[in-house]
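The numbers here are math on the coordinates, done by the rules we state, and not lab data. Given the structure is predicted, the values throughout are model-derived calculations rather than measurements. All Cβ positions, even for glycine, are placed from backbone atoms using ideal geometry, and neighbour counts span all protein chains on display.
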Amino acid sequence: MKTLILNGSPRKQGNTVTLINRLVSELDGEMTVIDAYYCDISPCVDCRYCVTHTGCAVQDGMQSVYRLIQESDNIVIASPVYFNELTGRLLDVISRCQMYFCVAHFQGVRLITKKKKGAVILVGGGLGTEETALKTAGIILRSVGCDEICEPVCSMNTDTLNANDDEKALSGIIRMAEFLNRQRK
Ligand SMILES: Cc1cc2nc3c(=O)[nH]c(=O)nc-3n(C[C@H](O)[C@H](O)[C@H](O)COP(=O)(O)O)c2cc1C
């Protein structure tokens, strides 16, 4: 089983990373974490290469992430909520998945053939809600082939309750791991 985790937090020991580490400790198989703030992946600039080619023209770290996306059984989006959304750098990375949509839409080629499970982890300071970020994450997960999506884990009060002490979020992580570890029917 292969799991790809996209981490949208710049804080190396922040709340998002705390919950990612808990999940990783419960997951079976191989895991790869892509840190959106510390990887060499630039945003999609709508160059239109993928309208006529079955791939992306930009030769950077995303090329290996494309391979991971195609091979993976599970994809997890984990992010702080910034202005009610996923963080900007995470959206930069994810914008490169537009290649899959364009190749399918303009050329009728489906590069993602493996069905996957998806999951979302969000953290927030306490002002605002997770709704917009959850909706965005759901759109992205479905666009990369996730047909089963787990109940999200949200720790939305980190200004006063560290994710590490958020019992509801921590038990949600255990259930998320069980969901992701389960064999597909
Ligand atoms: C630029 C910025 C925007 C933020 N916007 C929100 C928000 O809209 N809602 C919220 O609840 N918290 C917001 N926060 C607080 C973070 O989501 C919160 O501190 C979170 O725990 C950070 O995650 P991390 O510890 O994993 O880095 C914002 C923080 C920053 C730096």
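Couplings for the stretch 67-73, taken from phi via the Karplus curve 6.51 cos²θ - 1.76 cosθ + 1.60 with θ = phi - 60°, read 4, 4, 4, 5, 7, 6, 8 Hz in order; Gly and Pro are left as x.
Evaluated at q = 0.15, 0.18, 0.19 Å⁻¹, the base-10 log of the normalised Debye intensity for the chain, with identical point scatterers placed on the Cα atoms, takes the values -0.84, -1.18, -1.30. Within the stretch 70-102, name every residue whose backbone N is under 17 Å away from a label modeled 7 Å from Cα of THR129 along the Cβ vector. It comes to 81-86, nothing else.
A crude spin-label estimate for the pair LEU68 and THR54, with each label 7 Å from Cα along the Cβ direction, gives 2.4 nm.
No disulfide-compatible partner, judged by a Cβ distance under 4.7 Å, exists for the following cysteines of the chain: CYS39, CYS44, CYS47, CYS56, CYS97, CYS146, CYS150, CYS154. Based on C-alpha pairs under 8 angstrom that are at least 6 apart in sequence, the chain has a relative contact order of 26 percent. How many percent of DSSP beta bridges within the chain run antiparallel, rounded to 5? Among the beta bridges of the chain, antiparallel pairing accounts for roughly 5 percent. The 3J(HN,Hα) values that the Karplus relation (6.51, -1.76, 1.60; θ = phi - 60°) gives for the stretch 7-21 are, in residue order, 9, x, 9, x, 8, 6, 10, x, 5, 5, 5, 4, 6, 4, 4 Hz. Gly and Pro appear as x. Taking each of LYS12/LYS116; LYS135/LYS185; LYS135/LYS168; LYS2/LYS117 in turn, the alpha-carbon distance tops 19 angstrom for LYS12/LYS116; LYS135/LYS185; LYS135/LYS168. Kirkwood hydrodynamic radius computed over the stretch 1-89 comes to 14.4 Å, based on all pairs of distinct alpha carbons. The packing ranking, built from the mean of other Cβ atoms within 10 Å per residue, places the peptides 38-46, 145-153 in the order 145-153, 38-46, highest first.
In order along the stretch 120-131, the phi-based Karplus estimate (6.51 cos²θ - 1.76 cosθ + 1.60, θ = phi - 60°) of 3J(HN,Hα) comes to 10, 10, 10, 10, x, x, x, 9, x, 10, 8, 3 Hz; Gly and Pro are listed as x.
Computed FRET efficiency, Cβ-Cβ of CYS47 and ASN162, R0 25 Å: what is it to the nearest 0.05? It would help to have the intermediate numbers written out before the result.
On the way: r = 42 Å, r/R0 = 1.68.
Computed FRET efficiency for CYS47 and ASN162: 0.05.
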